[in-house]
Amino acid sequence: LAGTRVLDIRPGVASSHPRDLTPLGELIYFTAFGSSARDLWVSDGTPAGTYRVSSSPREIASMRAAGERLFFSASDAS
């Protein structure tokens, strides 16, 4: 996804620190801090097409795209 940029979900001092950028088709999946835990997000490259997929007490540990599927593992955040 050449030229795709991920916007900081929480700009400023309390940055969301987006990471684990994983392209899948025309979308990019990534993890970022929402209100507290590191959540799973997806974006089509537009602000309107960027949203949280999952909010969980577990933190996403790793992600990988295979074919048309996204696989990830999670661990307890505590």
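What translational diffusion coefficient, in µm²/s and rounded to a whole number, does the Stokes-Einstein relation yield for region 11-53 at 4 °C and a viscosity of 1.567 mPa s, taking the hydrodynamic radius as the Kirkwood radius over Cα pairs? Here the translational diffusion coefficient equals 122 µm²/s.
List the chymotrypsin sites (Phe, Trp or Tyr not before Pro) within region 13-49 that fall in a DSSP loop (any state other than H, G, I, E or B) and whose Cβ has at most 10 other Cβ atoms within 10 Å.
Numbers: sites: Y29, F30, F33, W41; in loops: none.
Within region 13-49, no chymotrypsin sites (Phe, Trp or Tyr not before Pro) qualify (loop, at most 10 other Cβ atoms within 10 Å).
Using the Cβ-Cβ distance between A61 and S15 with R0 = 25 Å, the FRET efficiency computed as 1/(1 + (r/R0)^6) comes to roughly 0.75.
The amide H of S16, built 1.01 Å from its N in the peptide plane, has I9, R10 as neighbours under 5 Å, considering only residues 5 or more places off or on other chains.
Where a number appears in this text, it was derived from the coordinates with a stated rule and is not lab data. Nothing here was measured: the structure is a model prediction, and the numbers come from that model. Reconstructed Cβ throughout: ideal geometry from the backbone, glycine too, with neighbour counts over all protein chains shown.
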